[in-house]
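Trainee: Take a look at this one; I'll ask things after.
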Amino acid sequence: MSGAVGREAVFPTRQSLGLMKNKLKGAEIGHSLLKRKSEALTKYVSIPITISRYILTFHLLANRRFREITRRIDEAKQKMGRVMQIAAFSLAEVSYAVGGDIGYQIQESAKQARFRVRAKQENVSGVLLPSFESYLQEGVNDFGLTGLGKGGQQIQRCRETYARAVETLVELASLQTAFLILDEVIKVVNRRVNAIEHVIIPRTENTIKYINSELDELDREEFYRLKKVSGKKKRDVAAADAEILAARQRAAEEQAANPEAAAKTPSTKEEESTDVLGENEDNDVIF
Amino acid sequence: MEGLFFNVNGGYVEGIVRGYRNSLLSGQNYSNLTQCETIDDVKLQLAPSYGDFLASLPPNPSTSDLAGRMMDKLVSEFKYLTAQATGSSAEFLEYMKYGYMIDNVALLITGTLHGRELKPLLERCHPLGWFETLPALISATNIEELYNIVLIETPLAAYFKDSLSHQDLDELNIEIVRNTLYKNYLEDFYNFITTHPDFRGSPTQDVMAEILQFEADRRSINITLNSFGTDLSKSERANLYPQIGKLYPEGNYMLGKAEDPEGVALACSAVADYKAFFDNVQGGLGGMGGGSPDGKSLEDLFYQKEMELSKLIFTRQFTPAVVYGWMKLKEQEIRNVTWISECIAQNQKERIGNFISVF
Amino acid sequence: MAASAATSKDRQFLAVIGDEDSVTGLLLAGIGHVSDGPDADKNFLVVDSTTETSTIEERFQRFTQDRKDIAVLLINQHVAERIRHKVDAFTDPFPAILEIPSKDHPYDPEKDSVLKRVRRLFGE
């Protein structure tokens with residue numbers, strides 16, 4: 001069928017050969033143009049791919065940082081357990097020394113925070129991560145006289161122990177906040193990466209594939225057509241050659257057998273026998 | 001002479017207390033307790049002394065619950081004693097309660113100053129410092145009312161009257177109020193046992209004078225040490241020193257002038273006992289106690305001394321002071337058990353031996 | 001994120017919701033702050049067995065949403081358990097919510113809202 005489509009209904013003439021040659025040239029030029037266009041298309045697609053690679057790199061970096069953070073959160077949480085235990089124990093010492101409950105008095109004496117935090121920002125791969133830094137507000141001392149008569153030294157020590165514990169807690173809070181923010185960023189990046197990986201790239205690839213297949217199809221069609229054309233052309237040329245050769249041979253034979261008859265033989269009879277003798281022209285061509 | 005008639009009124013109480021004393025935990029009991037792995041084990045070890053009171057505790061109770069039940073037992077025993085005591089012995093027992101009342105009133109003052117609901121505070125009051133008119137205090141809505149009610153309704157009126165006005169309650173730090181009251185209380189108690197006809201020249205005066213003097217000195221020293229680095233002025237500080245004790249008057253004067261722990265040590269150097277304390281904790285006065293695992297803090301040494309004094313009371317007869325000694329020993333016992341169970345509950349076994357046992 | 005970073009500058013206090021011992025200890029460290037004025041607002045809440053869950057929720061809401069000066073909220077894990085849905089639902093970076101152990105309730109990482117998120121993220 002394709003052979004039938006591929007073949008153009010042209011007469012095997014030189015003129016049509018020229019025409020075919022021109023057509024082939026045109027097809028070649030068109031193909032290369034299309035190819036270039038396809039390449040350009042691929043290039044166009046590759047721009048988001050570069051971006052996605054960048055994001056992926058960032059993602060990896062962030063992930064490394066993220067893993068670092070989660071590792072440190074884990075560590076800090078364990079440390080917190082220990083530190084808080086020591087702190088709770090120092091409170092037990094206080095109640096041992098004071099011999100009573102100081103909780104209520106402490107709650108009522110609290111007025112001004114001595115232990116405060118300030119927020120700083122740290123730049124990690126373009127993401128601003130806050131971190132808390134603890135500091136002691138000068139001149140604030142709500143519990144200076146607590147335990148004046150009994151247990152004051154234990155209370156003082158307990159305050160120091162707890163202040164250290166709270167420092168650990170603040171450190172942990174910084175990590176945790178950093179984690180939550182990075183978590184947020186990474187979620188967004190992940191969405192983009194996923195979008196590129198699972199939607200844009202496949203779609204583009206499909207487009208490229210489609211274009212290529214179309215081009216290939218065209219190519220193949222073109223090639224097939226050209227092949228057909230050239231095949232036909234060849235056959236035409238061969239047939240023409242054989243005809244000429246046969247005609248010449250017959251003329252020569254006639255001339256040799258009957259030189260005077262050759263002169264008077266009508267050309268119509270000569271044409272009739274061309275096809276019959278054209279078959280074994282090859283043998284004759286040898287010499 | 002005093003022995004002749006003491007037992008007529010005070011013999012039963014004294015006998016009971018001597019019985020109570022025998023149920024105090026011994027060194028053997030403590031070494032068993034320190035071997036415990038869980039609070040349940042502790043509970044089991046305490047069963048001979050505290051059986052009924054611990055029975056209703058849930059499995060593996062919190063240390064504060066445990067301490068609460070032990071305190072319940074102490075309170076119920078003490079209540080029984082007060083119910084049995086008559087005459088001067090009863091008065092003596094009343095005096096013993098005043099120290100706890102001061103804490104309770106200080107608590108209510110704190111609550112009133114901050115405009116808190118006072119009712120929940122009653123639960124936090126020390127049961128030994130409970131007196132019938134305590135609930136009346138919660139009807140106060142401001143500090144002046146509270147002050148007036150305290151003056152009218154409580155036995156502590158005398159301690160307030162001359163040294164604190166209601167403005168003082170408002171302006172002074174509650175710790176200063178508390179320590180002022182306590183100073184007055186100690187002086188009054190001392191005055192009571194040295195002047196009361198039943199106690200003057202009796203064994204009661206001998207032992208109680210010594211223990212109250214010690215208590216007064218301990219407070220003076222603690223107040224001085226704890227005032228460093230705070231905004232308590234020297235004159236305010238000096239006003240809080242009870243005017244009794246071995247340090248009074250020269251030692252107190254020197255304490256009043258002391259500016260650092262060395263100054264305190266110097267002030268105490270005149271008294272051999274206290275000098276020994278300071279020598280023992282030398283080099284660690286700033287951050288005492290927890291510094292070294294086996295090193296005792298000054299407070300520990302004071303407690304140790306108090307326990308020894310309390311134990312010595314039992315060598316005397318014909319005196320209600322044994323109740324005082326028993327109560328101090330019992331309180332220390334509760335603190336010890338709390339400490340031990342705290343160490344067990346929080347897995348801090350290395351410091352479990354840091355309690356004070358005198359038996 | 002930019003907005004939260006901008007507001008983080010004003011956050012300088014810690015807040016605590018916990019049992020009496022935890023609160024007492026943390027107050028001793030000096031984190032307690034009672035604001036001036038007639039509507040004095042404390043930055044701590046003592047929770048015991050009689051405390052209503054609604055009270056805890058209300059304070060949690062106040063510390064996390066209404067007040068803008070809290071940088072870190074410390075909450076005892078066993079208290080957090082009582083309002084777990086609220087803690088789980090709170091995902092803002094500020095204030096940082098930190099679950100801390102209490103004397104009677106040791107820390108259990110299995111219950112921690114944040115660690116749960118970590119685990120979820122790593123698909124463990």
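Derivation of every value follows stated rules applied to the coordinates shown; laboratory data play no part. Since we're looking at a predicted model, the values are computed, not measured. When we count neighbours, we look across all protein chains shown, and the Cβ atoms used for this are built from the backbone with ideal geometry, even at glycine.
Trainee: Give a residue-ordered list of calculated ³J(HN,Hα) values for region B:114-128 (Karplus: 6.51 cos²θ - 1.76 cosθ + 1.60, θ = phi - 60°; whole Hz; x for Gly, Pro).
Mentor: 9, x, 8, 5, 8, 4, x, 5, 4, 5, 7, 5, 5, x, 6
Trainee: For region C:40-95, which GluC sites (Glu not before Pro) are both in a DSSP coil and crowded by at most 10 other Cβ atoms within 10 Å? Working shown, then result.
Mentor: On the way: sites: C:Glu52, C:Glu57, C:Glu58, C:Glu81; in loops: C:Glu52.
Sites meeting the loop and neighbour criteria: C:Glu52.
Trainee: Need one number for region B:143-209: average projected area of the convex hull over its C-alpha atoms, nm². The partial results should precede the final answer.
Mentor: Working: hull surface 20.1 nm².
It is 5.0 nm².
Trainee: Quantify how strongly other chains surround peptide B:330-340 by giving the mean number of their Cβ atoms within 10 Å of each of its Cβ atoms.
Mentor: Values: counts 0, 2, 2, 0, 1, 6, 1, 0, 4, 4, 0.
That works out to 2 on average.
Trainee: Next up: What does the structure give for C:103-116 when I average, per residue, the other chain Cβ atoms found within 10 Å of the residue Cβ? Provide the component values of the computation, followed by the final result.
Mentor: On the way: counts 13, 9, 0, 6, 7, 1, 4, 0, 0, 3, 0, 10, 6, 0.
Mean inter-chain Cβ contacts per residue within 10 Å come to 4.
Trainee: Rg/Rh for region B:1-104: what does it come to with C-alpha atoms and Rh from Kirkwood?
Mentor: Details: Rg = 17.0 Å, Rh = 15.9 Å.
Rg divided by Rh gives 1.07.
Trainee: Another question about this same structure. Quick one: among B:Gly325, B:Gly245, B:Gly111, which has the greatest mean-square fluctuation in a GNM of chain B with alpha-carbon springs under 10 angstrom?
Mentor: Most flexible of the set in this elastic network: B:Gly111.
Trainee: Here is a further query. Given points 7 Å out from each Cα along the Cα-Cβ axis, report the B:Ala270 to C:Lys68 separation in nanometres with one decimal.
Mentor: 6.3
Trainee: Which whole number gives the average, over all residues in C:90-100, of C-beta atoms from other chains lying within 10 Å of the residue C-beta? Intermediate results must be reported in sequence, preceding the final value.
Mentor: On the way: counts 0, 3, 4, 11, 5, 3, 14, 4, 10, 3, 10.
Across the residues of C:90-100, the mean count of other-chain Cβ atoms within 10 Å is 6.
Trainee: So which of B:Lys79/B:Lys328; A:Lys150/B:Lys328; B:Lys328/C:Lys103 end up more than 22 Å apart by C-alpha?
Mentor: B:Lys328/C:Lys103
Trainee: Could I ask something else about it? Compute the longest continuous run of chain B that contains no exposed GluC sites (Glu not before Pro); treat a site as exposed when its DSSP state is not H, G, I, E or B and it has at most 10 other Cβ atoms within 10 Å. Numbers along the way, then the final one.
Mentor: Numbers: sites that count: B:Glu37, B:Glu117, B:Glu132, B:Glu259.
With GluC sites (Glu not before Pro) excluded where exposed in loops, chain B gives B:133-258 as its longest stretch.
Trainee: Going by how many other Cβ atoms sit within 10 Å of their own, how do B:Cys268, B:Cys125 line up, fewest first?
Mentor: Details: B:Cys268 25, B:Cys125 20.
Least crowded to most crowded, the residues run B:Cys125, B:Cys268.
Trainee: Semi-axes of the equivalent ellipsoid of chain B: what are they in whole Å, largest first, if each equals the square root of 5 times a C-alpha gyration tensor eigenvalue? Numbers along the way, then the final one.
Mentor: Numbers: eigenvalues 175, 142, 121 Å².
The three semi-axes for chain B are 30, 27, 25 Å.
Trainee: For region C:2-111, state the average projected area of the convex hull of the C-alpha atoms over all orientations, rounded to one decimal in nm². Don't skip to the answer; put the middle values down first.
Mentor: Numbers: hull surface 29.9 nm².
Mean orientational projected area (region C:2-111, Cα hull): 7.5 nm².
Trainee: Can you tell me the Rg and the Dmax, both Å, for the Cα atoms in region B:154-256?
Mentor: Both quantities, over Cα of region B:154-256: 14.5, 45 Å.
Trainee: Need the C-alpha centroid separation for region B:170-231 versus region A:144-180, integer Å.
Mentor: Here the answer is 33 Å between Cα centres.
Trainee: Here is a follow-up. What are the aspartates and glutamates whose alpha-carbon lies under 17 Å from the alpha-carbon of A:Lys77, with same-chain residues fewer than 8 places away excluded?
Mentor: Reachable aspartates and glutamates: A:Glu68, A:Glu167, A:Glu171, C:Glu99, C:Asp108, C:Glu110, C:Asp112.
Trainee: While we're on this one: Set the bar at 31 Å for Cα to Cα. Now go through B:Lys161/B:Lys234; A:Lys79/B:Lys234; B:Lys97/B:Lys349; A:Lys79/B:Lys330; B:Lys43/B:Lys275 and name every pair that lies beyond it.
Mentor: Working: B:Lys161/B:Lys234 23 Å; A:Lys79/B:Lys234 42 Å; B:Lys97/B:Lys349 35 Å; A:Lys79/B:Lys330 38 Å; B:Lys43/B:Lys275 39 Å.
In this structure, A:Lys79/B:Lys234; B:Lys97/B:Lys349; A:Lys79/B:Lys330; B:Lys43/B:Lys275 lie more than 31 Å apart at Cα.
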